[in-house]
Amino acid sequence: MIYKPRKDKCEIKTLEDLNLSNHAYRTLLRNNITTLNELREIGLEGIQGLRSVGTSTYNEIQKKAGFLWR
């Protein structure tokens, strides 16, 4: 599935397209989240409960992928 954030003209097709920090990206991979659909399904509440997700990582994911839950 292709997501188009409202204010951005680019298409986001993969987790890599979100330009997350290495820590945030690897945290998602360690928790078996490898696609945008999996990220969307787990939701923001689920992200908070993941292993190795601190406040800064959560805020980064919320900022860069928040359009998935609008």
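So here's what we get for this one:
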item: Residue 20 within 12 Å of the chain's Cα centre (by Cα) and touching a residue at least 40 places away in the same chain (Cβ under 8 Å); result: yes
item: Subset of segment 53-63 (residues that are farther than 15 Å from residue 18 by Cβ and either open to solvent by 60 Å² or more (accessible area, probe 1.4 Å) or in a helix (DSSP H, G or I) (or both)); result: 55, 56
item: Where a residue in segment 52-70 is farther than 16 Å from residue 30 by Cβ and its partner, wherever it lies, is open to solvent by 70 Å² or more (accessible area, probe 1.4 Å) and assigned to a helix (DSSP H, G or I), with Cβ under 6 Å and at least six apart; result: 68/40
item: Residues located in segment 1-23, provided they are part of a helix (DSSP H, G or I) and either at pLDDT 95 or above or open to solvent by 60 Å² or more (accessible area, probe 1.4 Å) (or both); result: 16, 17, 22, 23
item: Count of segment 11-59 residues which are closer than 17 Å to residue 70 by Cβ and in contact with a helix residue (DSSP H, G or I) (Cβ under 8 Å, 6 or more places away or on another chain); result: 9
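The values are calculated or read from the model by the stated rules, or taken from the named source; none is laboratory data. Computed from a predicted model, the values in this text were never measured in an experiment. Note that we place each Cβ from the backbone using ideal geometry, even for glycine, and neighbour counts take in every protein chain shown. Each accessible area value is taken on the protein alone, full model and side chains, heavy atoms only, with ligands, DNA and RNA left out. Shrake-Rupley method; radii C 1.70, N 1.55, O 1.52, S 1.80 Å.
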